[in-house]
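**Student:** Provided herewith is a single structure, encoded as structure tokens, for subsequent inquiry.
The values are calculated or read from the model by the stated rules, or taken from the named source; none is laboratory data. As the structure is a prediction and not an experimental result, all values here were calculated from the model. Cβ sites come from the backbone with ideal geometry, for glycine too, and all protein chains shown count toward neighbours.
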Amino acid sequence: MSRLFLGAFGDPGHAFPMIALGRALAARGHDVTLQTWTRWEEHVRAEGMRFAPAPEYQVFPTMKRPLKPYEAVVRATGDTLPQLEEARPDAVVADILTLAPALAGEKLGVPVATLIPHVDPRPAPGFPPYSMGARLPRTALGRALWDALAPLVGRGLELGRRELNETRARLGLPPLDRVHGGISDRLALVATFPQLEYPRAWPASTHVVGPLQWEQPFGDVEPPPGDEPLVLVAPSTVQDPEHRLLRAAVRGLAGERVRVLATTNRRPLAAPLELPANARLVDWVSYARTMPRCDVVVCHGGHGTVVRALASGCVPVVVPAGGDMNENAARVDWAGAGVRLPRRWADPGPVRLAVRRALREPSLRARARELAAWAREHDGAARAAELVEGLAARAKR
């Protein structure tokens, strides 16, 4: 048995994969402590782990509260050190956005791994910059054009390296001579489908383990009756507080031979929405229980939603709203597993056409089912747990 300390940013897209990993490690008999936001404490304990509260003060600078680069990380590391000293872990696994547990572990001489809960953001020759939403180029000319932007991207990465080293100096840690210093060079776990990763030469320390999936327990929700294909509308309320995509999908699919199950994700509608006969609107739905019954999932492209849809054999229609959603949409499109629709076209007509394509192109459904079969044969959480076990075992020798 090993003692393990996990740390995750509290957003569901980061906390849920770490809970999935912690659950797998606890089930294998390890003593696991998970540090994240207090909103997940009940679930962390229910999955057999100890809970440690993560700092939840302002991280990003605002006009009212400006912060110097990485200032919050220094403070959070100071708060985390006593938790690690109490847990006495054999290894630490830190989410890519959660530097404090990683830096605290390094200060205590504990080996540190990084969990990347989406596609790997590190660039490679010929790759478009991460999160732009551009697909991998097909030609040498396309690769050369992206390579021409490499110096600009490199300057941004170098700035990040200097800021991180400034933080490390404040904590008494030596500087790093590599960029992406927030990703461990001992063990990096990439929690996505390998089919969504562009081909590259991977570092020996990086492993694409497959999606790490967890969700809050919730019961079944009945879709509209009938035998027509079922379309789940699963929008991001954070990126779309006015429910533009939900409204577009419900209205656009009103006359189609489909059933529509849409969720507000517990964010009330600002204005009434008239529901057609083929649609049902609910406050919340379990993706794990519902998506296996669906044919298409209309979403904004959060990584957790996309990989859950693919693992269920559904074709995602991705209308990216922001952040890494553009990247996820590009990867789904490149992999031939879904339909990408630009956000500016999030209106009833374009959504209707995108869903028609998702239903009528056999290659899309075949590809989604191929990824679902891969997910059934490859347990991402189990593979990640094995790799973390190996890191901890080597540290105890």
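**Student:** With 360, 369 as the choices, which residue is over 19 Å from the mean Cα position of the chain (by Cα), farther than 21 Å from residue 116 by Cβ, buried (at least 16 other Cβ atoms within 10 Å of the Cβ) and not assigned by TED's automatic domain parsing to the domain that holds residue 190?
**Tutor:** Values: 360 fails: buried (at least 16 other Cβ atoms within 10 Å of the Cβ).
That would be 369, the only listed residue that is over 19 Å from the mean Cα position of the chain (by Cα), farther than 21 Å from residue 116 by Cβ, buried (at least 16 other Cβ atoms within 10 Å of the Cβ) and not assigned by TED's automatic domain parsing to the domain that holds residue 190.
**Student:** Check every one of the helices (runs of 4 or more DSSP H) wholly within region 269-352 and list those with 2 or more residues that are of a type in the set (D, E, K, R).
**Tutor:** On the way: elements: 287-290, 303-311, 325-334.
In region 269-352, the matching helices (runs of 4 or more DSSP H) lie at 325-334.
**Student:** Find the residue count for region 291-349, including only residues that are at pLDDT below 95 and of a type in the set (Phe, Trp, Tyr).
**Tutor:** The qualifying residues number 1.
**Student:** In addition: Going residue by residue through region 162-169, is there one that turns out to be in a loop (DSSP other than H, G, I, E, B) and not assigned by TED's automatic domain parsing to the domain that holds residue 324?
**Tutor:** no
**Student:** Now, a different point. Residue 124 - would you say it is aliphatic (A, V, I, L, M), surrounded by 18 or more Cβ atoms within 10 Å (Cβ to Cβ) and closer than 28 Å to residue 213 by Cβ?
**Tutor:** On the way: aliphatic (A, V, I, L, M): yes; surrounded by 18 or more Cβ atoms within 10 Å (Cβ to Cβ): no; closer than 28 Å to residue 213 by Cβ: yes.
No, not satisfied.
**Student:** Next up: Please determine, by comparing only the residues of region 199-256 that are part of a strand (DSSP E or B) and more than 26 Å from residue 40 (Cβ to Cβ), which one is farthest from the chain's Cα centre (by Cα).
**Tutor:** Looking only at region 199-256, we keep the residues that are part of a strand (DSSP E or B), and these are 206-208, 230-234.
Restricting the remaining residues to those that are more than 26 Å from residue 40 (Cβ to Cβ) gives 206, 230-231.
Numbers: 206: 17, 230: 25, 231: 22 Å.
Only one residue tops the list, namely 230.
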